[in-house]
Amino acid sequence: MKSRISLSVASSLICIGHYNVAIAQEVDTQSTEDVINTRELEVITVSAERVTSDAQKTATALSVYNGSELASKGVTSAESLATVDPSVNFTKNNGVPYIAIRGIASTDTTEIGDPSVPVSRDGFFTNRPYALQLGMYDLDRIEVLKGPQGTLNGRNSTGGLLNVFVKRPGFEDGYISAEIGNYSAKNAEFGIDWRLTDTIQTRFSGTYRKRDGYRELTGLAEGINAEDENRHSLRGQVLFTPSEDFNAWAMFQHDSIDETGSAYWTTDFTVKSEPEDADTWDGKSPLLYNKLKNDKAQWEFNYSGLPLDGVLTYSGGYEELEYNNAFEAFNPGYPSTRSFLQNQYPETWNHELRFATPIDKEWSAQFGVFLFDEKMSLRDSGIFNIECIASHPLGQACIDRELDNQYGLRFNYQVETNSDAVFAHFGYRPAENVRLTAGARKTWDEKSRTGGNYSYLAALANPFIPAPASENDATGSMKDSQITYHVGVEYDLTDDNFVYGKFDTGYKAGGFNSNAAGVTSYEREEVKTFEIGSKNSLLNNMVRLNFSAFMSTFSNYQANQIVDDFLVVFNTGSADIFGAESELVALVGDNGKLQLSAAYLNTEFDDGISVIEGTSQNPNLREISGNSLPNAPSFSMTGGYSHDFNVKEGILRASIDFKYSSKVYYTVFNDSDTTGDAYTQTNASLSYQPESMEWEASLWIKNITDEMIFARAVRNYNSNVNNFEFAPPRTFGVKVKWNFF
């Protein structure tokens, strides 16, 4: 098997090499008169290898979006980023968001779970997936790195990594923007540099976003307008540069979210449907609120006056989150309206010390140590009876026993997660146009939980149950360690044509569940990935054409389902992923720009895998061999075209873009009622900017055709219903931005 894989990789590299040389020769034979347009695509600098490099010379599949590009597309969160990147899929688990890249995602959104696609915000990692809701504004860029990134970029990045970089002090610019839209949207944002002295610069930025909800709910949730937006954030930074060899950066950010959250469209068990009216729903299970407060401090110190042109970097940070989430539901089997409550209070520390030399030398090296610590309190979470319903056959018993305002199930935990690592990465150039790379990372993971869950069967299952309330111990712990590694080869065919091949391993720690019977554990998840790629700049850098192909093997894939009043995570077995990605960016004529990206995935669980579906009282053993992985559309594509028109004393820019995704399964069982349909979402904008560039006005519209796009589908075995969530409907607005130089 390994021989066949190696031969396949080598053959593919040779084929790509011949293809690129042919293109290079074709371009070289062109006369300068053949190239009419002298425009060039900008050089994109990234930090995918933890040092700055040209994206076209970086040996990993990635997509890069600069801050102004994201702002023009209305990308202000990880959810909206998924609308512009074909490899990124976004969904939610009981209201908690998570990301999948190349079909790899962690659906374990409990207090024990780790992400498979972490988000690094200026080098700071957090375990909690609800931190994905924090706004992305005043950005320098976002890098979407695809495939395992654990050797250099930290823990658990088996699927990939989102690198988010804010705009730091030193640009000596500023802006203020204001925006209004449908659903009474009112958004504002600012960012401004302020130089205090020759060595001290500051930057202050902030955002405020407020909007009515998309779904007007009736029935149980009469009067609730779900999926509204009400959030704000403020950020302050300072950059101290006393010499050419040393600089220090510090940042503080405060975020606040207070919203109604997602709405669930609920159907009978195993039935799939969508509402006829996208704006008005029978709200059987709306989220009542989604509250999040965040205070984060970060710092970074760089010293470059070292041998080998090396740079020593220490970065650190502290983040304190408060997360409160609840959704109301009515269980036909129990005579009460209920809320499922989540109240989590994590505190997170990050520390990293790293030494790195430039990668363009004959020898290059990086090595360092990374420390991650999270202490989290989970308090008064669980199933809470709001009010007994007299019209239910058991309603009077519920009222007589005073079982309203009672917990049927309550969790109170203290959780601590530690992850420490040492890493090293080396590069060697045996020839000027060839680079060999190798790296390894040793990670030690430890998780512990103390506390228990309270269960009161009369308030949870049936008011006639005479058993008193009971406390169940939920203490658990896990220790694990793993070495992940990387080997690769890079080859510059020409100055404009680059190919690479590499092998990476990834690792995500296991954990443990709580249920009525006690604590059960699940094993760590591992992935091994071969990848080959080609990056090409053509026609005097007017065209960028990139390809990559990969093969991943999974072991101990971690899946979950809602059963017996708990979210239970379990290992399913092994799976294989084959895929290919491509990107085309081309300058068209004097004023046009075309962008196309596509991703193909073939995912499949191995033979002989069966998984229990359903409750412990009514289990159903189902074979999933040959099924596709969840959150893995077989084909997805994004594209866009923008054109600048020279009008009197300014530029008028028209843009249109789209994303197509084939159907996607949301569970390992691949049932039709938990499958998201294929969709195409189209967006457009029109903007004007005068020659002075002092201001800009734009009109925009998203989801032009008002598609009902599935965002989640799940069978809920607690309530015996199907729950569905949907992406935002058609939205539009107008935005004005003032620039300061």
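The values are calculated or read from the model by the stated rules, or taken from the named source; none is laboratory data. Predicted model, so just to flag it, every value in this text is computed and none were measured. Don't worry about glycine lacking a Cβ; one is built from the backbone with ideal geometry, like all the others, and counts go over all protein chains shown.
Annotations
- Here D606 meets the list (1) surrounded by 17 or more Cβ atoms within 10 Å (Cβ to Cβ); (2) within 22 Å of M542 (Cβ to Cβ); (3) acidic (D, E) almost entirely, failing just condition (2).
- The condition of being more than 22 Å from I112 (Cβ to Cβ) and surrounded by fewer than 18 Cβ atoms within 10 Å (Cβ to Cβ) holds for only one of D492, D473, D480, that being D492.
- Of the residues G261, G316, the single one that is in contact with a strand residue (DSSP E or B) (Cβ under 8 Å, 6 or more places away or on another chain), on the phi > 0 side of the Ramachandran plot, buried (at least 17 other Cβ atoms within 10 Å of the Cβ) and not basic (K, R) is G261.
- In this structure, G506 does not satisfy being modelled with pLDDT of 95 or more, farther than 19 Å from F384 by Cα and under 31 Å from the mean Cα position of the chain (by Cα).
- Residue within the stretch 652-664 that is outside any loop (DSSP other than H, G, I, E, B), of a type outside the set (K, R) and touching a Lys or Arg at 6+ places or on another chain (Cβ under 9 Å) present: yes
- The stretch 665-698, residues that are in contact (Cβ under 8 Å) with a residue 40 or more places away in the chain, of a type in the set (D, E, K, R) and not in a strand (DSSP E or B): D671, D673, E691, E694
- Screening the candidates R168, R141 for the property of being surrounded by fewer than 24 Cβ atoms within 10 Å (Cβ to Cβ), assigned to a loop (DSSP other than H, G, I, E, B), among the charged types (D, E, K, R) and in contact (Cβ under 8 Å) with a residue 24 or more places away in the chain yields one hit, R168.
- Any hit, the stretch 309-326, residues being touching a residue at least 60 places away in the same chain (Cβ under 8 Å) and of a type in the set (F, W, Y): yes
- Whichever residue in the stretch 620-638 is surrounded by fewer than 17 Cβ atoms within 10 Å (Cβ to Cβ) and either in contact with a Ser or Thr (Cβ under 9 Å, 6 or more places away or on another chain) or modelled with pLDDT of 95 or more (or both) and, among such residues, is nearest to K92 (Cα to Cα): F635
- Selection of first residues in the stretch 231-256 that are without any contact (Cβ under 8 Å) to a residue 40 or more places away in the chain and of second residues that are surrounded by 15 or more Cβ atoms within 10 Å (Cβ to Cβ) and outside any strand (DSSP E or B), restricted to Cβ pairs under 7 Å at least 6 apart or on distinct chains, gives an empty result.
- The residues listed here are Y289, Y314, Y318; of these, the one that is touching a Leu at 6+ places or on another chain (Cβ under 8 Å), outside any loop (DSSP other than H, G, I, E, B) and not polar (S, T, N, Q) is Y314.
- Within the stretch 345-396, the set of residues being of a type in the set (V, I, T), modelled with pLDDT of 95 or more and part of a strand (DSSP E or B) comprises T348, V369.
- Members of the stretch 255-282 that are within 19 Å of I709 (Cβ to Cβ), assigned to a strand (DSSP E or B) and touching a helix residue (DSSP H, G or I) at 6+ places or on another chain (Cβ under 9 Å): A263, T267, W281
- Within the stretch 48-61, being out of contact with any Ser or Thr (no Cβ under 7 Å at 6 or more places or on another chain) and modelled with pLDDT under 90 holds for R50, V51.
- Listed by first and then second residue, the pairs linking a residue in the stretch 602-623 that is closer than 15 Å to D671 by Cβ and among the aromatic types (F, W, Y) to a residue that is at pLDDT 80 or above and in a strand (DSSP E or B), with Cβ atoms under 9 Å apart and 6 or more places separating them unless they lie on different chains, are F605/F554; F605/A575; F605/D576.
- Scanning the stretch 393-452 for residues that are polar (S, T, N, Q), more than 28 Å from the chain's Cα centre (by Cα) and under 30 Å from D495 (Cα atoms) gives a single hit, N433.
- When I465 is tested against (1) touching a helix residue (DSSP H, G or I) at 6+ places or on another chain (Cβ under 6 Å); (2) surrounded by 15 or more Cβ atoms within 10 Å (Cβ to Cβ), exactly one condition is not met: (2).
- Note on the stretch 61-116: residues that are farther than 19 Å from S634 by Cα, part of a loop (DSSP other than H, G, I, E, B) and hydrophobic (A, V, I, L, M, F, W, C) total 2.
Residues are listed down the side, and each one gets a yes or a no for (1) touching a Gly at 6+ places or on another chain (Cβ under 7 Å); (2) of a type in the set (S, T, N, Q); (3) buried (at least 16 other Cβ atoms within 10 Å of the Cβ); (4) over 30 Å from N127 (Cβ atoms):
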site	(1), (2), (3), (4)
L162	no, no, yes, no
I180	yes, no, no, yes
T197	no, yes, no, yes
Y214	no, no, yes, no
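- Among the residues of the stretch 380-408, those that are touching a Phe, Trp or Tyr at 6+ places or on another chain (Cβ under 7 Å) and under 24 Å from G451 (Cβ atoms) comprise S381, G382, I383, F384, Q406, Y407, G408.
- Selection over the stretch 33-47 of residues that are outside any loop (DSSP other than H, G, I, E, B) and either among the aliphatic types (A, V, I, L, M) or at pLDDT 65 or above (or both) gives a count of 2.
- Within the stretch 718-741, being in a loop (DSSP other than H, G, I, E, B), under 27 Å from the mean Cα position of the chain (by Cα) and either among the hydroxyl-bearing types (S, T, Y) or farther than 28 Å from N670 by Cβ (or both) holds for one residue alone: R730.
- Every listed requirement among (1) over 30 Å from G174 (Cβ atoms); (2) assigned to a strand (DSSP E or B); (3) among the β-branched types (V, I, T) is met by I701 save one, (1).
- Pairs are defined by a Cβ separation below 6 Å, a sequence spacing of at least 6 or placement on different chains, a first member in the stretch 419-435 that is in contact (Cβ under 8 Å) with a residue 40 or more places away in the chain, and a second member that is in a strand (DSSP E or B) and of a type in the set (D, E); the pairs so defined are S419/D445; N433/D492; R435/E490.
- Test: residue in the stretch 324-340 that is closer than 30 Å to S481 by Cα and under 27 Å from the mean Cα position of the chain (by Cα): no
- Verdict on V117 being touching a strand residue (DSSP E or B) at 6+ places or on another chain (Cβ under 9 Å) and surrounded by 23 or more Cβ atoms within 10 Å (Cβ to Cβ): yes
- Scanning the stretch 319-354 for residues that are surrounded by fewer than 16 Cβ atoms within 10 Å (Cβ to Cβ) and either in contact with a Cys (Cβ under 7 Å, 6 or more places away or on another chain) or among the hydrophobic types (A, V, I, L, M, F, W, C) (or both) yields W349, L353.
- Residue count for the stretch 704-717 under the criterion of being assigned to a loop (DSSP other than H, G, I, E, B) and at pLDDT below 85: the result is 1.
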